[in-house]
Each structure stands twice: as structure tokens, then as C-alpha cells.
Amino acid sequence: MDARFNMLDNEIAVKFFKRFANASLVIHQSPLPKSTQKLVSLRASQINGCGWCIDMHTKEASAAGETPVRLHLVAAWRESTVFTEAERAALALAEEGTRLADAHHGVSDETWAQVRKHYDDDQIAALVSLVAVINAANRLAVIVHQQGGSY
């Protein structure tokens with residue numbers, strides 16, 4: 001399957017992506033741990049079926065020193081022993097914030113309490129923003145059929 005549309009060949013899309021990248025930079029420069037950022041981005045991308053983003057986040061996390069075992073187990077983090085309690089809270093928030101249509105209640109009070117337990121306000125702001133940004137990025141790539149494997 002080929003990409004339907006090259007977003008980088010369109011003036012409006014390029015303008016949008018510049019601003020989108022700036023929003024992402026704010027999150028990247030935040031005090032939210034980089035490993036948590038990558039794990040959350042990977043998990044949301046898995047849920048959304050975004051091959052491009054799964055490819056990118058897996059490769060970038062690996063290059064940053066993330067272990068293959070942890071990357072392979074992100075999809076089954078609840079049944080894994082390799083994630084910290086803080087990472088588990090972030091992954092739960094990512095799942096509940098991504099599966100809004102599947103979980104009519106959105107983010108549960110239990111998950112929110114775990115996030116509050118492990119992250120300060122600046123980290124929470126970055127985490128919530130990250131979930132929103134990665135979901136938007138997934139939708140952009142999936143809509144135009146941006147394929148994984150070439151990142």
C-alpha cells in the first residue's frame with residue numbers, strides 16, 4: 001500500500017507540521033523522563049495501528065538505549081515485570097487517554113491517582129500533552145497511509 005498523500009509536498013501541511021513540531025519540542029524538553037516519553041508514544045501508536053510511528057519510536061528508543069525486552073513488552077506492559085510503577089502509571093494514562101471511544105469514562109480516577117503519585121505538575125502537563133500529540137500524529141499518518149519500515 002502506498003501513501004495516499006505526501007504531506008511534505010503541500011504548503012498548508014508543511015506550515016502545520018512546523019507548528020506541530022514546536023509543540024512536540026516543548027514536551028521533549030520537559031522534565032518528563034525521555035524513556036517514559038518513548039514508551040508512551042510507542043504504546044499509543046500500537047493501539048492506533050500507526051506503523052510509521054511504531055517504527056520511529058521503536059528505533060529512536062533503541063538508539064537512546066532502551067532495551068529490546070522492554071520495547072517488545074510495551075504491548076503487554078500489565079503482564080510484564082520490566083516497567084517501574086511510574087512507567088506503568090504513564091502507560092495506563094496513555095491507554096485510557098487513547099481509547100476514549102472504548103472507555104466511555106476516559107481516564108479513571110485510579111489511573112489519575114497513580115499518575116499524581118509518581119509525577120509532578122510539570123511532568124503531568126507534559127504527559128497529558130504527549131498523549132494528545134501522539135494521538136494526533138498517529139491519526140495524520142494513518143489517514144494518509146504513511147507506512148512503517150523506512151524510518
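The values are calculated or read from the model by the stated rules, or taken from the named source; none is laboratory data. All of these numbers come straight from a predicted model, not from anything done at the bench. Virtual Cβ from ideal backbone geometry, glycine too; neighbours counted across all protein chains shown. The accessibility values were calculated without ligands, DNA or RNA, using every heavy atom of the protein model including side chains. Shrake-Rupley method; radii C 1.70, N 1.55, O 1.52, S 1.80 Å.
Structure notes:
- Computing FRET efficiency as 1/(1 + (r/R0)^6) for Ala125 and Lys18, where r is the C-beta to C-beta distance and R0 is 22 Å, gives about 0.50.
- Cα centroid separation, the range 9-31 to the range 92-111: 25 Å.
- Relative contact order of the range 22-151, defined on C-alpha pairs under 8 angstrom at six or more residues apart (%): 42
- Across the accessible surface of the range 53-95, with the other protein chains kept in place and a 1.4 Å probe, carbon and sulfur atoms take up 62 percent.
- For the chain: rounded, prolate or oblate by the Cα gyration tensor [a/c cutoff 1.5]: prolate
- Heavy-atom accessible area per residue - the chain, 1.4 Å, Å²: 57
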